[in-house]
Ligand code: SF4
């Protein structure tokens, strides 16, 4: 692939062309550093044409680490006996939601392990009702795993706007390799369709740099996002967690650098292919590059950051992977650092806004 050929496909995609999977894979494989930078710059330009230099902020509340699943990569999987299980109280969750609102974030993400028992799903409904009664209620994204259509509808009726359920890999063979038999690709995909049917702004995402994963697999992931007409994407590098069956996956400097650079390319190419969706610059990028990781994600075309607003005392017990950053920083400290780092790259927070992806309005109005 020559520089010229690469630039032709980049320009074709940036000007509204619909690349096929081969072309998406090419976009993910710039032939040199100059082309890679051109990819990031083109994606950032498109992001700024659609969203300006604004970044949507969502206060992240990891409200429970109790999970009934056993994903092979995840630090809070049910078979990890080293995890101290917790559930934040309603008061603590509401306090965090109010804090996010006071900080001007305009939106929160309520994230937990997956549970489908009625006690759990009913409690989430009640929490949503209580959040809706706050003086300036933030928009709510839920990330609580696979649920029935009835439960998703109940949560929409109680005020939740968005739902994030990561497919982790759109290649079934890879999906199978990183999940137990009880968690199937077909069920995960069906749950995403239910989320959409229930009326949520629908989010998914993948892990990048899994053992055996190639750029072709990642191209298929982007094709999956497009085929599923997804509104929001949250993806980041695979980071092994030492207490899991995948804890001994390669983690040398070269492998980590590749995961990081592939993650930035995934953000950029996803922006170019999907255009007006929300794309998060995730904490996993910050884990690899604490000083500039999230910022580099934004400069590659992402437009969402999820600063933690949860109670600091639970932070260590919600470690999906090793090296989670900001374990000892409270919500205010995280906010100050974030504002400073956004200033440095010429981006500004979009204060007090729900920050809906234009793609959702477009697909629901058409
Ligand atoms: S990835 Fe999610 S569903 Fe899987 S074990 Fe972790 S918390 Fe549970």
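Every number here is computed from the coordinates shown, using simple stated rules; none is lab data. Just so it is clear, the structure is predicted and the values come from calculations on it, not from any experiment. Positions of Cβ are backbone-derived with ideal geometry, glycine not excepted, and every protein chain shown enters the neighbour counts.
Per 0.36 nm of contour for each residue apart, how much would the distance between residue 336 and residue 136 grow if the chain were fully extended, relative to their Cα-Cα spacing?
69.9 nm
List the equivalent ellipsoid semi-axes of the chain in whole Å, largest first, each obtained as the square root of 5λ for an eigenvalue λ of the Cα gyration tensor.
Semi-axes, largest first: 30, 23, 21 Å.
Fully extended, how many nm does the chain gain between residue 153 and residue 352 (0.36 nm per residue separation, minus their Cα-Cα distance)?
Contour length minus the Cα-Cα distance gives 69.1 nm.
Based only on other Cβ atoms within 10 Å, what is the fewest-to-most ordering of 89, 29, 281?
Fewest to most other Cβ atoms nearby, the residues stand as 89, 29, 281.
Roughly what would the spin-label model give for residue 53 and residue 228, points 7 Å off Cα along C-beta, in nm?
3.4
Would you calculate the separation in nanometres between label points at residue 91 and residue 176, each defined as 7 Å from the Cα along the Cα-to-beta-carbon direction?
For residue 91 paired with residue 176, the spin-label model returns 5.0 nm.
Compute the helix-to-body angle for 90-102: its Cα long axis versus the longest principal axis of the chain, expressed 0 to 90° and rounded to tens.
50
With axes computed from alpha carbons, what is the tilt in degrees of helix 185-198 against the longest principal axis of the chain, rounded to the nearest 10 within 0 to 90?
It works out to around 70 degrees.
Along the Cα→Cβ direction, 7 angstrom out, place labels at residue 129 and residue 37. What is the inter-label distance in nm?
Going by the 7 Å Cα→Cβ label model, 5.7 nm.
So how do 314, 152 line up by other beta-carbon neighbours within 10 Å, fewest first? Can you show the working numbers first?
Details: 314 19, 152 24.
Listed from fewest to most nearby Cβ atoms, that is 314, 152.
Quick check: the angle from helix 33-51's long axis to the longest principal axis of the chain, C-alpha only, nearest 10 degrees?
50
Which of rounded, prolate or oblate describes region 43-116 when judged by the alpha-carbon gyration tensor and an a/c cut-off of 1.5?
oblate
Starting with the fewest neighbours, write out 63, 40 ranked by other beta-carbon atoms found within 10 Å of each beta-carbon.
Final ranking by Cβ density, sparse to dense: 40, 63.
Could you tell me what percent of the DSSP beta bridges with both partners in region 22-354 are antiparallel, to the nearest 5?
5
Pulled fully out, how much extra length does the chain show between residue 186 and residue 255, if you take 0.36 nm times their separation in residues and subtract their Cα-Cα distance?
So the chain would gain 21.8 nm between residue 186 and residue 255.
Under a GNM of the chain (C-alpha, springs under 10 Å), which listed residue has the highest mean-square fluctuation: 31, 135, 290?
Maximum fluctuation in the GNM of the chain, among the listed residues, is at 135.
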